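The structure appears below as structure tokens.
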Amino acid sequence: MLHKKHFLLLPAVLIIALVVQSCSSPQVVRRTFAPEDDYSKYIQTKDLIFKVHYKNGDLFVYDTLYQSNKQNQFFYGYGRRLDLNRQVTESGRITAFRDSILLIETNQIKDDDPQTALTIMTGISLAATIYCISNPKACFGSCPTFYYDDGNEQHLIAEAFSQSIMPSLEREDIDAFREIRPKTRDIRLLMKNESLETHAVRYARILAVPAEGKHIYSSVDGRFLKTQRESLISGMIQGEECTELFLYHDQKEYISKTDSADLAAQEEIIFTFSRNDIKTPGLVVTHRQSLLTTFLLYQTLAYMGNETGSWLTRLDGMTRGSDPVFKQLGGMIGEMQFFTEDENGNWIPAGIIDETGPIAQEVTIIPLPDQTAAGDDIKIKIRMTKGFWKIDQLKLTDIIGEAEPLIIEPQLAKDEKREKDITEKFNSPEEYTVTLPGEYISLYYRLPEDFAGYDYFLAAKGYYLEWIRSEWIAEENPRRVLQLMVQPGQYFKDLAPMYKKIEDDMEETFRRSKYVAQ
Amino acid sequence: MWRSKIYILVALVIMLSSCRTVHAPLNKLEKTPEAFVKSGKGGWMTLRLKAPHIDAGKTKGGEFLWQDESSIYLLNDTITAYPKQVIDLAVLELMEKRPYAWWWILGSVSTASHGFVLIFSFPLWHIVGIPSTVGELWHDVYRQEKPDEKYWQGINVLARFPGGLDENEKVKISK
């Protein structure tokens, strides 16, 4: 059955068509003159086709030149003479005498041919097709996205559970609202499926953490840490000062280029923070991933080809068991590892960030271990895969305690496509809300009465299934999939040249590639 | 939603793509504006007649030869005069329509290979394709329900003989 919005579509298209129809301008603009009229201004005008109608029905068509002699007794030019049945009787230089003329006619053919627009559009379309055929993994987006709707604008909050590419990898993902401050107690979030994916969402809750004038950050182990005071940073990358790049949350992100021979090649950056009386230091990292993750996922799915379902089922089973395949892969390439320097100048592990997702930035706090050197400076080293992570801001802050969040379920969940209230199902922990490409759910939450005194986070849990594009099937190669499992190091080396070719263009293509409902 | 949109789109395109002309039979119109102008012929006129004409309710067509105060003269197999007061609808066409609807639909379908870039390319094809197709279909088509003298005078220049023809010349006209 057609949705009522669909019924509006046909009239809309027809209205556009009628408007265009009413605006259609003629391509043939014709004027006629009696022989005694003043038509001299049209003579020898190149863009006009002149025709002379004789009283006996004959017609002179001048398609090159039309002139009159000095006495205006006759007209001549090059063209054809037609009889009244419009058979050609004469061609070449033809002469029409004034006393036989009934009418003189001018015809202007307007060159407003839509062929030009269609040709340009065809060129654009072909270019897009060629690009997407040669780089299919660059033309597709990823993950469920959440937006805060302030009534005027929609602000991206999070891309949820991006790493949950199959049921066994389902997990909760917590994202801060960051600089987004709700303006009213009742707010609306939009949960969108902007990808060629099936999203299965178990829940999406707001966590309201009482801030009490402090900053609240979530840690990788799911705690909410209250902080105060911040410290300045100084840092060097390959011997060059890079402090300013990391100072502010300004969307100016650090990202290196991948290694042309090995996608798993690592890099290290060392930063120095002044302690600034910080007693329990925590490193706040604003970050997201590059599109290398997306590339690797899509390329692997392409290698799985027609057998993707079977491969994923096997992997799903392995993940549910104890096989560490994903952990091993994550450790090789997908982790941002943090170290601090102890009293003896040794680097000791401080924490790991492995949050997946190239769209929305995440803010995560890494509490530094107690063994961190107690001097005026705190040294931190980040080790990560080259070209894998984007870092916007780094700051050191003082952790003064933990905070407990209030869990807020949506009061109303509305399937906007079907205009259906799905609140009960959405809030049921036993059920999934499933969305397909282009669909979106409105989630209405009621915040605490003193809503301005809280920091907000979104906690979403679920998984998603990537759709296999027909373009990918051609690359099916089970040996490559096996290589990923048993020789992942070589797999990442073999794919390096392929990614290097598209690395520069992929970001821009991806940014413009989100899928929305029509 | 997608399915219903596709149905509507396909229906619209089929409707438009079948329209090489609005009313004229195939091969009765020139293919380009320039060919029409240089042919020296009139446009193709389609008339729907009303009572008291014997063919009331029927549609008749022919090349627009000329008109006088009371009648329109069309050439089909023979020259036929139709009194203006029995004409319920008149449509004058000058040239065949180019199959832009197919260009539009093939272009739109090709966006399936664009991945998510189709969010731009698919509507863009519609933005370009709909005006092109509909514009192509309706330019140089002069249609009037219950045509009045203003309409007849407006299209007179598009007759084969816009200044009329002497009585003794009319008999020389053949198909």
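The values are calculated or read from the model by the stated rules, or taken from the named source; none is laboratory data. It should be emphasised that the depicted structure is a prediction, and the values quoted were computed from it without experimental measurement. We place every Cβ from the backbone using ideal geometry, glycine too, and count neighbours over all the protein chains shown. Quick note on the areas: whole protein, heavy atoms, side chains included, nothing else; ligands and nucleic acids left out. Shrake-Rupley method; radii C 1.70, N 1.55, O 1.52, S 1.80 Å.
Within the range B:54-113, which trypsin sites (Lys or Arg not before Pro) sit in a loop by DSSP and count at most 12 neighbouring Cβ atoms inside 10 Å?
Details: sites: B:58, B:60, B:84, B:97; in loops: B:58, B:97.
Sparse-neighbourhood loop trypsin sites (Lys or Arg not before Pro): B:58.
In Å², and per residue, what accessible area does the range A:137-511 have when probed at 1.4 Å with the other protein chains present? Walk me through the numbers before you get to the answer.
Values: 15990 Å² over 375 residues.
Accessible area per residue: 43 Å².
Filter the GluC sites (Glu not before Pro) in the range B:53-132 to those in DSSP coil with at most 13 other Cβ atoms within 10 Å of their Cβ, and list the result. Kindly include the intermediate steps, with their values, before the conclusion.
Values: sites: B:63, B:69, B:93, B:96; in loops: B:69, B:96.
Sites meeting the loop and neighbour criteria: B:69.
Given a Förster distance of 25 angstrom, what is the FRET efficiency for residue A:171 paired with residue A:409, based on the Cβ-Cβ distance and rounded to 0.05?
Values: r = 19 Å, r/R0 = 0.76.
The formula returns an efficiency of 0.85 here.
Just reorder A:363, A:52, A:486, A:434 by solvent-accessible area, largest first, 1.4 Å probe, all chains present. Before the final figure, lay out each step's value.
Details: A:363 20, A:52 0, A:486 110, A:434 80 Å².
Most to least solvent-accessible, the answer reads A:486, A:434, A:363, A:52.
For A:110, A:390, A:420, give me the order by solvent-accessible area with a 1.4 Å probe, most accessible first, ignoring ligands, DNA and RNA. Can you show the working numbers first?
Details: A:110 90, A:390 10, A:420 115 Å².
The most accessible residue leads, giving A:420, A:110, A:390.
Once amide H atoms are built 1.01 Å from N in the peptide plane, which residues 5 or more positions from residue A:171, or in another chain, come under 5 Å H to H?
A:462
What do you get for trypsin sites (Lys or Arg not before Pro) in the range A:138-200 restricted to DSSP loop and a cutoff of at most 13 other Cβ within 10 Å of the site's Cβ? Please report the intermediate quantities before stating the final value.
On the way: sites: A:171, A:178, A:183, A:185, A:188, A:192; in loops: A:178, A:183, A:185.
Here the trypsin sites (Lys or Arg not before Pro) that fit, given the DSSP loop and packing criteria, are A:183, A:185.
Using 0.36 nm per residue of separation minus the Cα-Cα distance, give me the extension gain between residue A:420 and residue A:377 in nm, one decimal.
9.8 nm
Given contacts defined as C-alpha pairs under 8 Å and at least six residues apart, what's the relative contact order of the range A:137-511, whole-number percent? Before the final figure, lay out the partial values.
Values: 886 pairs, mean separation 130.0, N = 375.
Answer for the range A:137-511 is 35 percent.
Over the range A:140-232, what is the relative contact order in percent, taking alpha-carbon pairs closer than 8 angstrom and at least six residues apart? Don't skip to the answer; put the middle values down first.
Working: 115 pairs, mean separation 26.4, N = 93.
About 28 percent, as a whole number.
Nearest 100 Å² is fine: how much accessible area is buried between A and B, summed over both sides, with a 1.4 Å probe?
Numbers: alone 26610 and 10580 Å², together 31900 Å².
That pair hides around 5300 Å² of surface in total.
Rounded, prolate or oblate: pick one for the range A:137-511, where a ≥ b ≥ c are the square roots of the eigenvalues of its C-alpha gyration tensor, a/c under 1.5 means rounded, and failing that, prolate if a/b is larger than b/c, else oblate.
Values: a/c = 1.83, a/b = 1.06, b/c = 1.73.
Judged from the Cα gyration tensor, the range A:137-511 comes out oblate (a/c at least 1.5, b/c at or above a/b).
Using 26 Å as the Cα-Cα cut-off, could you pick out the over-long pairs in A:257/A:279; B:60/B:172; A:110/B:31; A:110/B:50; B:41/B:97; A:461/A:501? Mind showing how you got there, number by number?
On the way: A:257/A:279 36 Å; B:60/B:172 23 Å; A:110/B:31 15 Å; A:110/B:50 36 Å; B:41/B:97 18 Å; A:461/A:501 35 Å.
Over 26 Å apart, Cα to Cα: A:257/A:279; A:110/B:50; A:461/A:501.
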